[in-house]
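Structure first, commentary second.
The values are calculated or read from the model by the stated rules, or taken from the named source; none is laboratory data. Note that this is a predicted model, so its numbers are computed, not measured. Quick reminder, even Gly has a Cβ in these numbers, built from the backbone with ideal geometry, and neighbours come from all protein chains shown.
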Amino acid sequence: MPAPEIALTERFQSAFVSAFGPEYADADPIIRPSQFADFQCNAAMGLAKRLGRKPRDIAAEIVAAVDLADIAEEPEIAGPGFLNIRLRTDWVAAQAADLAVDERLGVPVPQTAERVVVDYSAPNVAKEMHVGHLRTTVVGDSISRTLEKLGHTVVRQNHIGDWGTPFGMLIEHLLEVGEDSAEADLLRTDPNAFYQAARAKFDADPEATGFAARARKRVATLQSGDAESLRIWTDLVALSKQYFHRIYDMLDVTLTDEHLAGESTYNDLLEAVCTDLEEAGIARISDGALCVFPEGFTGRDEQPLPLIIRKSDGGYGYATTDLAAIRHRVADLQADRIAYVVGTAQELHFRMVFTTAREAGWLPDGVDAEHVKIGSVLGEDGKILRTRSGASLRLMALLEEAVSAARSVIDELRPDLPEAEREQIAHDIGIGGVKYADLSTGHDSDYTFDLDRMLALSGNTAPYLQYAVARIRSIGRKAAERGVSADGVAPLVQNDAERALALQLLQFGPVLAEVGDAYEPHRLCAYLFALAQAFTSFYDASPILAAEDESVRAGRLALAQLTERVLVEGLDALGVHAPQQM
Ligand code: ARG
């Protein structure tokens, strides 16, 4: 059951061979959805150039050569040589019937299943997860879910910031307040407050005689592997992890402890990164620091830009850790591709790290590494979202606010439902709404955080899609009450609205494949939105339970229930849950 584009592509490719010769077997027929028909083939113009002939003549030859009899009507030539294609309704109906019995809902099996490392979320220990981390978490999770549905193996890597100079200060603070104190408990509830308190003590000691001196010394003992320092550090990280996991649970995100691969994991590998790069002649000492000057990077002064891998005081940094991580991901985790779902601001860092890793041979040409750039979440003032006091916003508070706002929506919509169910639905809508707002915007664009819009029942929002699912489920319940069943019945595809809905449904597989290849969940959102709209038009035009004929009732119910399955599966790829009723 190939999707229409794929079926058409095959037919046109064989037409090219028979009309123009075997060297045209790989010419792309450029099949696109059309405003004038169902699809169009845009290949004639390019082929005409290649053949040195007139596009309209080429178009006519293609029409004569292509065998579409069972799929479509004869293509119409338009403009300079576009071919407009209208599919046969009986063919669309047959495809929809196949789709309805396909467990994969038309999602293609990949030619080669790949191992994809997805690096996402990556908050920092003893710091608030800010809305930026919310976005990398939500987008990375959707990419991971999508790749798994496509049949790839995903290795999730949560590259948390659990190492570096602030840990001296954090450990000293934890020692002072005591691990069982209310202050220490802040790590699990409001980590920023803990961090700020440690920072304040550090800054209050400019001469570095007391706290600051102890903090500096602590970094050194920690990095030299001192057992007592490591013990307190482990406790600090454990407390922080509880905070991350509370957020992940709230968000219904698939990250667990087993995916944690924090910066500290790579500690023992950093020295080898440096010596190997130095021995290979890729890194050299500059101003006392060990630096790589990767090809093609210059600063404002036109001087080569350094990637510092060992500071002059002997310390290693963020870039060194990422080089060790990439080595591990290719050599040990056996990655075929790696996606880094991280804020746009780190673009230069990743370009330099990837180039260095390629020069070193740690990232072979066959392994794709991509920085999936994540834009900012803005407040109403157009600046990065913060609380009124200017401090970074507590993510947990934001999510709680979304759920309580969703609670008012559902209380108004369905006061008849039991309390516990309304609570569950409020969670699904509130969290779904926030996640969907993140996902429906191109991942590298900024967007404005606006709860009212996120929770609106109309427009390209989670609640709109969740409502569409709930509506179909309610039709299903009524059908069952009246003894109407779609079991074993093929979806009815006859009138225009049914046909348009069926064509949308057939696009699910190709769209999901594109989303997984390009790491672009917003395209899935756009698709699901269009699908839900096609369902609404269908339902307005074609009554289901009120239809006169019994077979029409069952066939339309089958079409509606296929739509429900595709919507639920699509939302699941986004990590958004669809409640039973709304
Ligand atoms: N912890 C970093 C931050 O909060 C993000 C880490 C991203 N992943 C990586 N491999 N560098 O900005």
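Here is how the numbers come out for the structure above:
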item: Condition met for residue 499 (more than 27 Å from the chain's Cα centre (by Cα), within 22 Å of residue 428 (Cβ to Cβ) and either part of a loop (DSSP other than H, G, I, E, B) or basic (Lys, Arg) (or both)); result: no
item: Residue that is nearest to residue 143 (Cα to Cα), among those in region 323-344 that are without any contact (Cβ under 8 Å) to a residue 60 or more places away in the chain and either more than 13 Å from the ligand (Cβ to nearest atom) or not aliphatic (A, V, I, L, M) (or both); result: 330
item: Test for residue 434: is it more than 16 Å from the ligand (Cβ to nearest atom) and in contact with a helix residue (DSSP H, G or I) (Cβ under 7 Å, 6 or more places away or on another chain); result: yes
item: Any hit, region 133-141, residues being at pLDDT 95 or above, of a type in the set (A, V, I, L, M) and part of a strand (DSSP E or B); result: no
item: Count of residues meeting criterion [surrounded by 14 or more Cβ atoms within 10 Å (Cβ to Cβ), assigned to a loop (DSSP other than H, G, I, E, B) and in contact (Cβ under 8 Å) with a residue 60 or more places away in the chain] in region 272-314; result: 2
item: Residue list for region 313-322, restricted to those being touching a helix residue (DSSP H, G or I) at 6+ places or on another chain (Cβ under 8 Å) and within 13 Å of the ligand (Cβ to nearest atom); result: 318, 319, 320, 321, 322
item: Sole exception among (1) within 15 Å of the ligand (Cβ to nearest atom); (2) more than 25 Å from residue 262 (Cα to Cα) for residue 406, by number; result: (1)
item: Residue satisfying condition, being touching a residue at least 60 places away in the same chain (Cβ under 8 Å), of a type in the set (S, T, N, Q), more than 30 Å from residue 578 (Cβ to Cβ) and buried (at least 16 other Cβ atoms within 10 Å of the Cβ), within set 240, 229; result: 240
item: Residue count for region 418-440, restricted to those that are more than 15 Å from the chain's Cα centre (by Cα), among the small types (Gly, Ala, Ser) and under 12 Å from residue 252 (Cβ atoms); result: 1
item: Subset of region 3-23 [out of contact with any strand residue (DSSP E or B) (no Cβ under 7 Å at 6 or more places or on another chain) and in contact (Cβ under 8 Å) with a residue 24 or more places away in the chain]; result: 3, 6, 7, 11, 14, 15, 16, 18, 19, 20
item: Sole exception among (1) more than 19 Å from the chain's Cα centre (by Cα); (2) crowded, with 19+ Cβ neighbours inside 10 Å; (3) over 24 Å from residue 581 (Cβ atoms) for residue 512, by number; result: (1)
item: Search result, residues across region 539-582 that are among the polar types (S, T, N, Q) and crowded, with 23+ Cβ neighbours inside 10 Å; result: 563
item: Selection within region 165-190 - closer than 21 Å to residue 129 by Cβ, without any contact (Cβ under 8 Å) to a residue 24 or more places away in the chain and polar (S, T, N, Q); result: none
item: Test: residue in region 177-194 that is closer than 30 Å to residue 271 by Cβ and not small (Gly, Ala, Ser); result: no
item: From 153, 89, residue being surrounded by fewer than 17 Cβ atoms within 10 Å (Cβ to Cβ), within 17 Å of the chain's Cα centre (by Cα) and farther than 26 Å from residue 375 by Cα; result: 153
item: In region 163-192, the residues that are under 13 Å from residue 229 (Cα atoms) and either small (Gly, Ala, Ser) or not in a helix (DSSP H, G or I) (or both); result: 163, 168
item: Qualifying positions in region 110-130 - of a type in the set (A, V, I, L, M) and surrounded by fewer than 22 Cβ atoms within 10 Å (Cβ to Cβ); result: 113
item: Filter result for residue 137 (over 16 Å from the mean Cα position of the chain (by Cα), within 16 Å of the ligand (Cβ to nearest atom) and of a type in the set (S, T, N, Q)); result: no
item: The lone exception for residue 208 - which of (1) more than 16 Å from the ligand (Cβ to nearest atom); (2) assigned to a loop (DSSP other than H, G, I, E, B); (3) under 35 Å from the mean Cα position of the chain (by Cα) it fails; result: (3)
item: Matching residues, region 246-255, being modelled with pLDDT of 95 or more and either outside any helix (DSSP H, G or I) or surrounded by 15 or more Cβ atoms within 10 Å (Cβ to Cβ) (or both); result: 248, 250, 251, 252, 253, 254, 255
item: In region 139-183, the residues that are farther than 30 Å from residue 516 by Cβ and of a type in the set (A, V, I, L, M); result: 169, 170, 171, 174, 175, 177, 182
item: Residues of region 451-492 satisfying the condition of being more than 25 Å from the chain's Cα centre (by Cα) and in a helix (DSSP H, G or I); result: 471, 472, 473, 474, 475, 476, 477, 478, 479, 480, 481
